[in-house]
Amino acid sequence: MKRQTVSVLFVVLLTVVAARVAAQDSGLVRLSFSSGWDALPAIVGIERGMFNEEGLLVSGLAITSATAALRSIGVGSSDFAAVPQRTFLVAAASSLPVKAVSLNGWGTKIELVVPKARQDLNGVADLKGKSVGVGNGSEAFPVLMRLLNQARLQPGDVQIRLMTADQLTNAFKNNLADAVFESQHFTKVLVDGGQARHLLTADQVVGTLGVIGAQALITRNEMIEKSPLTVQRFVNAWVRALSYINEDPDDAARLLIIFFHRQGVVVRDEQAREWVEMTRYDRFVWTQNDIADAEYNGWGLTIGQVLREAPEVAGFIDNSFAEKASAGLVTAKTE
């Protein structure tokens, strides 16, 4: 009787363990991403069936705050999150139990513009004692720290003014700043509207600083440890979504228009295409240059007093899944 009871208990235990393993590698995955244009890989993966083809049911949540995305994955209410590099750096600096398992695109189109009438501003060094507008929580902020450093200026040598989107696009009209350092999403409005001229174009910023600007797809360490098959399937789909954007930017732009329409925002075809082209989607694995660039931006956040200490990014990268997914993508294209 005792032997029979033990056998039954053993079977029950095996059943429970099997159920937990099945749950860990089940098809349901929770994904958080931005409500802006950098949500594109997530949108493509969902709308064009990449996740479905991997046997995954993705519960996607578009959120307005990168901090909320970080909090969500930190407490385990999200399995994956597509986040800006700055958010990833905050996660690394806070030693959150996460890893970047692929890119969410890379590249930057940050520009330095000044009012057309300001003929006294002809270089970065001329900004000493002047005010510079950047967006609240912007990716441009650490790059500005790097730019000032190269010009032998300290953060205290300029007045950095954190602005809303509306303030940025009216910065010169309303005399809110002497210069604006931001993405083309904002600077183009100023230049095309006749308010501004370029002090540094996006290409010149990249050429001057070597900025790469890799964004991150992150997951919890627990997912990697307990559900590696699900992580691999998810990254397989993610890599295919990135590749799809790179190969068919027109369809990607159409999906972006639909995404914004669902949020009640009207986006023109030309504008959507410009947003797609602001980021590159032709790489999937974090390189040493990506990591070094991110750590330099971490330094920028440190001297800008956003972070207490610059994080060592390499310890928060796991390329194994993206490398395997990339190899599979190449094989599929050659067959």
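With the condition kept exactly as written, say whether any residue in region 305-312 is of a type in the set (Gly, Ala, Ser) and either assigned by TED's automatic domain parsing to the domain that holds residue 148 or assigned to a helix (DSSP H, G or I) (or both).
Applying the first criterion (of a type in the set (Gly, Ala, Ser)) to region 305-312 yields 310.
Keeping just the survivors that are either assigned by TED's automatic domain parsing to the domain that holds residue 148 or assigned to a helix (DSSP H, G or I) (or both) gives none.
No, there is no match, as no residue in region 305-312 is of a type in the set (Gly, Ala, Ser) and either assigned by TED's automatic domain parsing to the domain that holds residue 148 or assigned to a helix (DSSP H, G or I) (or both).
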Out of all the residues in region 130-146, which are more than 21 Å from the chain's Cα centre (by Cα) and crowded, with 21+ Cβ neighbours inside 10 Å? 132, 133
Leading residue by the ranking (surrounded by the most Cβ atoms within 10 Å (Cβ to Cβ)) among those in region 165-179 that are touching a Phe, Trp or Tyr at 6+ places or on another chain (Cβ under 8 Å) and under 14 Å from residue 191 (Cβ atoms): 168
Got a sec? Which of 271, 232 is over 18 Å from the mean Cα position of the chain (by Cα) and either within 30 Å of residue 116 (Cα to Cα) or of a type outside the set (S, T, N, Q) (or both)? 271
Could you give me the residue pairs with C-beta distances under 7 Å whose first residue belongs to region 85-110 and is under 17 Å from residue 182 (Cα atoms), whose second residue is aromatic (Phe, Trp, Tyr) and not in a helix (DSSP H, G or I) wherever it lies, and which are 6+ apart or on separate chains? 110/181
Could you give every pair whose Cβ atoms fall below 6 Å, whose first residue belongs to region 285-308 and is among the acidic types (Asp, Glu), and whose second residue is outside any loop (DSSP other than H, G, I, E, B) and crowded, with 16+ Cβ neighbours inside 10 Å, counting only separations of at least 6 or pairs across chains? 295/313
Do we find a residue being surrounded by 21 or more Cβ atoms within 10 Å (Cβ to Cβ), closer than 23 Å to residue 272 by Cβ and of a type in the set (D, E, K, R) anywhere in region 189-196? no
Of all residues being in contact with a Phe, Trp or Tyr (Cβ under 7 Å, 6 or more places away or on another chain) and more than 17 Å from residue 279 (Cβ to Cβ) in region 25-50, which is surrounded by the fewest Cβ atoms within 10 Å (Cβ to Cβ)? Just the residue, please. 48
Can you name every residue in region 131-164 that is touching a Phe, Trp or Tyr at 6+ places or on another chain (Cβ under 6 Å), within 20 Å of residue 83 (Cβ to Cβ) and assigned to a strand (DSSP E or B)? 134
Condition set touching a residue at least 12 places away in the same chain (Cβ under 8 Å), out of contact with any Ser or Thr (no Cβ under 8 Å at 6 or more places or on another chain) and small (Gly, Ala, Ser), scope region 152-192, selection farthest from residue 139 (Cα to Cα): answer is 171
Members of region 169-220 found to be assigned to a helix (DSSP H, G or I), within 30 Å of residue 286 (Cβ to Cβ) and not basic (Lys, Arg), listed by number: 184, 185, 186, 187, 202, 203, 204, 205, 206, 207, 208, 209
Do you know which residues across region 111-129 are in a helix (DSSP H, G or I) and either touching a residue at least 12 places away in the same chain (Cβ under 8 Å) or surrounded by 24 or more Cβ atoms within 10 Å (Cβ to Cβ) (or both)? 124, 125, 127
When you scan region 23-91 for strands (runs of 3 or more DSSP E) that lie fully inside it, which ones turn up with 1 or more residues that are acidic (Asp, Glu)? none
Check region 72-80 and report whether any residue there is touching a helix residue (DSSP H, G or I) at 6+ places or on another chain (Cβ under 6 Å), at pLDDT below 95, of a type in the set (Ser, Thr, Tyr) and assigned by TED's automatic domain parsing to the domain that holds residue 238. yes
Being assigned by TED's automatic domain parsing to the domain that holds residue 236, modelled with pLDDT of 95 or more and of a type in the set (A, V, I, L, M) is true for just one of 114, 134, 98. Which residue is that? 98
Test residue 276 against the criterion of being assigned to a helix (DSSP H, G or I) and touching a strand residue (DSSP E or B) at 6+ places or on another chain (Cβ under 6 Å), and give yes or no. no
Checking residue 265 against (1) assigned to a helix (DSSP H, G or I); (2) without any contact (Cβ under 8 Å) to a residue 12 or more places away in the chain; (3) within 27 Å of residue 110 (Cα to Cα); (4) not acidic (Asp, Glu): exactly one of these is not met. Which one? (1)
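The values are calculated or read from the model by the stated rules, or taken from the named source; none is laboratory data. All values derive from a computational prediction rather than experimental measurement. Heads up, the Cβs are rebuilt from the backbone with ideal geometry, glycines too, and the neighbour counts pull from every protein chain shown.
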